[in-house]
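Values in this text are rule-based calculations from the coordinates and carry no lab data. Computed from a predicted model, the values in this text were never measured in an experiment. Methodologically, a virtual Cβ is constructed for each residue, glycine included, from the backbone with ideal geometry; neighbour enumeration extends over all protein chains shown.
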Amino acid sequence: MATRGLYKFYSTDEELKNNKPTAVIYRHWDNYLQGGGQDLQNFVEHLAKAKFDSRFSDVSYFSAKFVVFLANQFNETDRYEETKGDYDSLNFLSVGIVPNGVDCGEEYIYHIVCNGQGKIIGKDYKGLPTITIEDIYRDTVKDLYQALHDEPTMEELMEKMGG
């Protein structure tokens, strides 16, 4: 069963307020906080540490980099015997670009505002986007960085369940 999610990228807080994102990315699997949320923070941290231009303030390039990040993560080269060992960056599923307002049956929406005001707890990165996670069923919106800091990790959850 998929836990579908949308990632909406905005240039300003005003665009967020009016639900007018520049880009909307659909992800089919694992969009709960410890899945998609952790992946999104890992992506932001990877760019924060990178020696190349992160494009945190450029919503078009930043969202495009996220598509590439997810495409690499969901690459299926080794899934099938006929393509095993023959890496192709285009051999991915589970991520796409969708128009704003489309119903994807999403359970989570991540709102990414490229405003340079985000802060990962315990890190000293500058110029990060502000990110919130909206849980459709619980009708809650939380700051992603704070939520990941406060909630147990996937490993901790599995340990609690005896697995």
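Charges at C-beta only: +1 for Lys and Arg, -1 for Asp and Glu. How large is the resulting dipole of segment 5-160 about its Cα centre, in Debye rounded to 20?
620
In nm, to one decimal, how far is the SER94 label point from the THR3 one, both placed 7 Å along Cα→Cβ?
The two pseudo-label positions are separated by 1.3 nm.
So which lysines can LYS142 reach, going by Cα to Cα under 17 Å and dropping same-chain residues fewer than 8 places off?
Qualifying lysines at Cα under 17 Å: LYS8, LYS17, LYS119.
Can you work out ³J(HN,Hα) from phi for every residue in segment 97-107, in order, using Karplus 6.51 cos²θ - 1.76 cosθ + 1.60 and θ = phi - 60°, giving whole Hz and x for Gly and Pro?
For segment 97-107, the Karplus-derived couplings read 9, 10, x, 5, x, 6, 8, 9, x, 5, 9 Hz, x marking Gly and Pro.
Restricting to Cα pairs below 8 Å that are 6+ residues apart, what does the relative contact order work out to for segment 1-94? Please round to a whole percent.
23
Taking the alpha-carbon distance from LYS51 and a cut-off under 19 Å, which lysines remain once sequence neighbours fewer than 8 residues away in the same chain are dropped?
LYS65, LYS123, LYS126
Calculate the FRET efficiency for LYS17 and ASP124 from the Cβ-Cβ distance with a Förster distance of 25 Å, rounded to the nearest 0.05.
So the FRET efficiency works out to roughly 0.30.
Between segment 25-51 and segment 87-139, how far is it from one alpha carbon centroid to the other, in angstrom?
First find each Cα centre; the distance between them is then 7 Å.
Pull out a ≥ b ≥ c, the square roots of the eigenvalues of the alpha-carbon gyration tensor of segment 5-160, then state rounded if a/c is under 1.5, prolate if not and a/b is larger than b/c, and oblate in the remaining case.
Since a/c stays below 1.5, the shape of segment 5-160 is classed as rounded.
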